[in-house]
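Reading through the structure tokens given below for one structure.
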Amino acid sequence: MIRSMTAFARQEQQETWGQICWELRSVNHRYLDISIRLPEEFRRLEVTVRERIQQRLKRGKVDGTLYFQANKDGNAQLHINQELAQQLFEAMQQINAMTGNTTPPSAYEILRWQGVLETNTVDVEEIGETVLQHFDTALAQLVAHREREGAQLATLIEQRCDAIVAEIEPIRNELPTILQAQRERLQTRLAELVELNSERLEQEMVIFAQKMDIAEELERLEAHLVEIRQTLTQNQAVGRRLDFIVQELHREANTLGAKSNHINTSHRAVELKVLIDQMREQTQNIE
């Protein structure tokens, strides 16, 4: 199933020990780029979270954030990290001595320092598995969102393929008329030459052969469209493969436009490139 790389998921849950909320966002990226933000007490879960994302996703920039609010406990007590507070006090005294400041260190300033004032925290060992279960739920939501978006992208790409076929068929139908017109123009040009030598005739015939040989481009365009449709049915990450095929489509459309000296074919070559560019915008967001 085709997946988009753009999605969002949010899983919020109230537990007996507090409220947690997982938020996952993903956008398109060339590779899998994971960024996880966790409260300090849950930092040990980061490796596991990364591994679970890597198991489910192959491409995209993924941002994951865990919000945690412990339940308020009327019996909770504040604790002072005395060792850290003593180190800060001594450091402030040294700075005051160096600067000539006679004001003693402020208790408020010391308490504001991160880690000095501690509260009773939850036991991560005890609740870690529950937190990860809620993460799995959020990740499943993210994957489902990417799959829904991917189905829409696949439909849009199929529509562009149909539109390209609609542009190719008239060119193929007009090809005999185009070749006849080219042949007549070549004969007129040759008749205007004062002296017809074999070297000049060979040059003109080479040019003629190059200009009329757009049938190969049409065949390759159709072959690439078949490959795109088959790729859309694969149950794996196919974004890079689609990017490559669309680049080849664009290359063939450019060659078709360069070779054509027929006004209708030139117009259709332009339309082809417009449709292919629209397809490229969609494929760049596929996992």
statement: For residue 34, other-chain or 5+-apart residues with amide H closer than 5 Å (H placed, Pro excluded) are 62
- request: Multiply the residue gap between residue 241 and residue 41 by 0.36 nm, knock off their C-alpha separation, and tell me the result in nm, one decimal place.
  value: 67.8 nm
Under the Karplus curve 6.51 cos²θ - 1.76 cosθ + 1.60, θ = phi - 60°, whole-Hz ³J(HN,Hα) for segment 102-110, x wherever Gly or Pro sits: 9, 6, x, x, 8, 4, 4, 5, 5
query: Sorted by packing (mean other beta-carbon atoms within 10 Å per residue), highest first, where do 273-284, 105-116 land?
result: 273-284, 105-116
field: Two-site FRET efficiency, residue 264 against residue 27, from Cβ-Cβ distance with R₀ of 30 Å, rounded to 0.05
entry: 0.15
Interchain or long-range residues, amide H under 5 Å from residue 15's placed H: 20
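Rule-based calculations on the coordinates, nothing more; no lab input. For clarity, every value in this text was computed on a predicted model and none was experimentally measured. Neighbour counts run over all protein chains shown; Cβ positions are idealised from the backbone, glycine included.
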